[in-house]
Each structure stands twice: as structure tokens, then as C-alpha cells.
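Asks: Sharing a structure here in C-alpha cells format.
The values are calculated or read from the model by the stated rules, or taken from the named source; none is laboratory data. All figures in this text were calculated on a predicted structure; none of them were measured in a lab. With ideal geometry, Cβ positions are generated from the backbone for all residues, glycine too; neighbour counts draw on all protein chains shown. All accessible areas refer to the heavy atoms of the entire protein, side chains included, with ligands and DNA or RNA removed. Shrake-Rupley method; radii C 1.70, N 1.55, O 1.52, S 1.80 Å.
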Amino acid sequence: MAKRRKLVAPSSADLTKLEEEFRRETSVPEPAASQVRGVAPIAKIAADAAAVAQPASVADRARQAQLEASEAKLNDAETEGRLLVDIPVGEINADAMVRDRAALDPDDMLELRLSISANGLRLPIEVYELPGSDGENAPKFGLLSGYRRLMAVRELLGLTEDAAFKTIRAIIRPKAETDAAFVAMVEENEVRSELSHFERGRIAVISAQQGAFLNVEDAVNKLFATGSKAKRSKVRSFALIFEELGDMLEFPDALSEKRGLKLAQALRQGGEDRIRDGLAAATYATSDEEWAVIEGVIETLDAPVRDPKRGGRPRAAATVDDWGHAHKFVSSNGVSVSPKQDAKGYVLRFEGQDLDAELMDGLMEEIRVYLERN
């Protein structure tokens, strides 16, 4: 059986010898060695470890927490589009969205330029980053709102070549859904410089054509959701004018509400071709002269054209009776629809307490869209 060795504590001479051997075998830079002269390496290591593990003071921890909170707020503001930045005017595509303004008033633009030149830009524009805008000269941002302000600053830059107008103060918004962007644009102009009746109808049609809304009816309801039912009904009428005569009218923004509603009614009665022919054949230099041509055609629509070769009493229009036996369905809001056939074709009869002119205009628009798709 092996004899166990007895363990004894090292003497002072043994510890000194171990210490000297450790120093010889451990490489310590001269400055560090001079700083720790007389201090055992093991003690130095223990001291360094304790320094690292020692917690910061309360004040230091509070400052660090404030810095982290500020950084988080800054990141959130940038993500949510709440930071103001100065963007070169050449990096903004003003036509990334079709604007609701058909034209800019020269007097209004002059007044805006003078205001910006004297007082600076009081309200920033809104932009969003364009996808795939990595080209050297490609615009990096699309304009959401502030079209007139951007145009005014660009014009001031061209007139003065002042470096102050090379950039414009802007908010970079997250890329919103297309319908929300159109709504924001309309709301801004409705508040700051009210749109004309024709401009409202125009933007409703264009936004629907670009796929931002299901159809014109949906565009009107969402773009002008805060407006009254009567206002939305008028917008639909001017939307019809833009669809049927937008390429023919020289002074569409001058159409008053009364004239526009009268023209829309004539279009619903099938007068588009005759009105277009009348405008194409006439010459006019003012909005009143243009309306005189349109009104003259409308008046002829009310009088039925008869063949003078045919005599006798005009035949009475075919009537539709016996609606009680027609197939009928009733909607959830109590409006019933009954189809019936007569000598000329099919007739739909709508009944219900909630029926009004606005609802019928919407139904006519939906029927038109459905027939065009099929």
C-alpha cells in the first residue's frame, strides 16, 4: 500500500521563489510593469476583475438610460415620418402621383413666392421614398403633399439662383397605401385652397382609374367621406362630366354648380354625342361663350326629334303594369328592386323610404361600371 504524503504549507522562501519564477515567465510591458511595481501579478488580475465588475454610479446609469430612451424615440420618429429634413428640390418627383389640381393660378403662385422669399417656408412638404431610386440623377422621393410650395421654391431658385432655395424642408412619410395618399392630398387642398367642382370630379375618376379605389363611386365616398351626401352627389355629377367631356372642355373649372348639374343631367339622358359635336363645330374664347354652346345643345335635347314625313298622332309610350307579379328582392335597408320587360326592353323599379337622388346616382354608376366590364 502506497504511503500517503503529508501536505505542508509553503514557507516564505518558497513563496518568494515562486513569485520570481512567475515574473520571469510572464511578459509585462514596461509601462505596465512600472505602474504595478511591487504588486503581485495575481493581485493585479484580481483588482482588474473587480474594477470591471464594479457597477456604475446611479448618475451614470441614469444618463445611460436617458441616452437609450432618446435613441429609441429618434428611431421611432424616423420610422413614423415625424422628422423634418432638408431635401434637394431636384431629388423630388412632383408627378409621382396625379395631382388633384388641374392648373395653378398665376396670382396665387406669385403671392406664395413672395411669402416664401420674405418669410421662408412656414409649412414643410410631405414626401415618401421612391423604390428603386438608386440612379445618380433619379429622383429619390415622390411628392405626397405641398405641390404648390415645391413649385414656388423651384421657381425662386430659377429666378434668384439663391442656395437657400436648392433644398426644401420636408417630412419623409412611410409609403402609405395609394388610397390614403389620395385622401391626404384632397384633404390638404380642401382645407387650404378649396378645389373647384370639376377638380373634385376629376381626381375621383383618375384615382379610380389608377386602381386606388374600386370604382368612381368608391373613390367619391372615401375621398370626400367627411362631406355631406349632397356634396358627394355633386362630385359624382362632375366626375361624369370629366369622363364624358374632359377632353373637350376648355374652361371646365369655370363651370358653376348649377351649370355643371344641368350638364350632367343632359349627359345622363344620352346627350354626349350631340354636345361633343356642338363643341367641336363652335368657336369660343371665354367660359361664358363655351357654356352658351353647351346650353344651346341641351335645349335641343328636351324637344323630341320627329320625322316630318310621318303624320298622325304620336304613339303613346308603352307602359309597365302588373308590378305585383314581377320578381322582386328586398335589400337589408328596405329598398326593393323589381325587374319587368316591356316592348322596348327591361325596366327596373326601385322602391323604399331610403331612396334619394344620391342613392340613385350611385346605383346608375354601379350599373354603368358593371355593363362596361361585361
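Asks: From the residues in segment 338-350 that are more than 27 Å from residue 222 (Cα to Cα) and assigned to a strand (DSSP E or B), which one is modelled with the lowest pLDDT? Explain how you work it out, then say what you get.
Replies: At the first step, the residues of segment 338-350 found to be more than 27 Å from residue 222 (Cα to Cα) are 338-349.
From what is left, the residues that are assigned to a strand (DSSP E or B) are 338-341, 346-349.
Working: 338: 80, 339: 79, 340: 77, 341: 72, 346: 79, 347: 82, 348: 82, 349: 82.
Out of the qualifying residues, it is 341.
Asks: Hey, another quick one. Residue check: is residue 204 open to solvent by less than 30 Å² (accessible area, probe 1.4 Å) and either at pLDDT below 90 or part of a helix (DSSP H, G or I) (or both)? Give the derivation first.
Replies: On the way: open to solvent by less than 30 Å² (accessible area, probe 1.4 Å): yes; either at pLDDT below 90 or part of a helix (DSSP H, G or I) (or both): yes.
Taking the combined requirement at face value, the residue satisfies it.
Asks: Confirm whether residue 186 is among the aliphatic types (A, V, I, L, M), modelled with pLDDT under 75 and in a helix (DSSP H, G or I). Outline the logic, then answer.
Replies: Values: among the aliphatic types (A, V, I, L, M): yes; modelled with pLDDT under 75: yes; in a helix (DSSP H, G or I): yes.
So residue 186 passes the test.
Asks: Sticking with this one: Taking the condition within 17 Å of residue 206 (Cα to Cα) and either without any contact (Cβ under 8 Å) to a residue 24 or more places away in the chain or out of contact with any strand residue (DSSP E or B) (no Cβ under 8 Å at 6 or more places or on another chain) (or both), does residue 255 pass? Walk me through how you get there before you give the answer.
Replies: Numbers: within 17 Å of residue 206 (Cα to Cα): no; either without any contact (Cβ under 8 Å) to a residue 24 or more places away in the chain or out of contact with any strand residue (DSSP E or B) (no Cβ under 8 Å at 6 or more places or on another chain) (or both): yes.
For residue 255, the condition - within 17 Å of residue 206 (Cα to Cα) and either without any contact (Cβ under 8 Å) to a residue 24 or more places away in the chain or out of contact with any strand residue (DSSP E or B) (no Cβ under 8 Å at 6 or more places or on another chain) (or both) - is not met.
Asks: Collect the residues in segment 334-358 that are touching a residue at least 12 places away in the same chain (Cβ under 8 Å), in contact with a helix residue (DSSP H, G or I) (Cβ under 9 Å, 6 or more places away or on another chain), open to solvent by 50 Å² or more (accessible area, probe 1.4 Å) and hydrophobic (A, V, I, L, M, F, W, C), keeping them in residue-number order.
Replies: Within segment 334-358, 350, 357 meet the criteria.
Asks: Here is a list of conditions, (1) open to solvent by less than 70 Å² (accessible area, probe 1.4 Å); (2) at pLDDT 90 or above, and residue 126 meets all of them except one; can you say which number that is?
Replies: If we test residue 126 against (1) open to solvent by less than 70 Å² (accessible area, probe 1.4 Å); (2) at pLDDT 90 or above, just (2) comes out false.
Asks: Let me ask something additional. Does segment 351-374 hold any residues that are farther than 17 Å from residue 229 by Cβ, modelled with pLDDT of 75 or more and of a type outside the set (Lys, Arg), and which are they? Give the derivation first.
Replies: First, the residues of segment 351-374 that are farther than 17 Å from residue 229 by Cβ: 351, 367-374.
After this cut, where a residue has to be modelled with pLDDT of 75 or more as well, the list is 351, 367-368, 371.
If the condition is that a residue be farther than 17 Å from residue 229 by Cβ, modelled with pLDDT of 75 or more and of a type outside the set (Lys, Arg), then 351, 367, 371 are the ones that fit.
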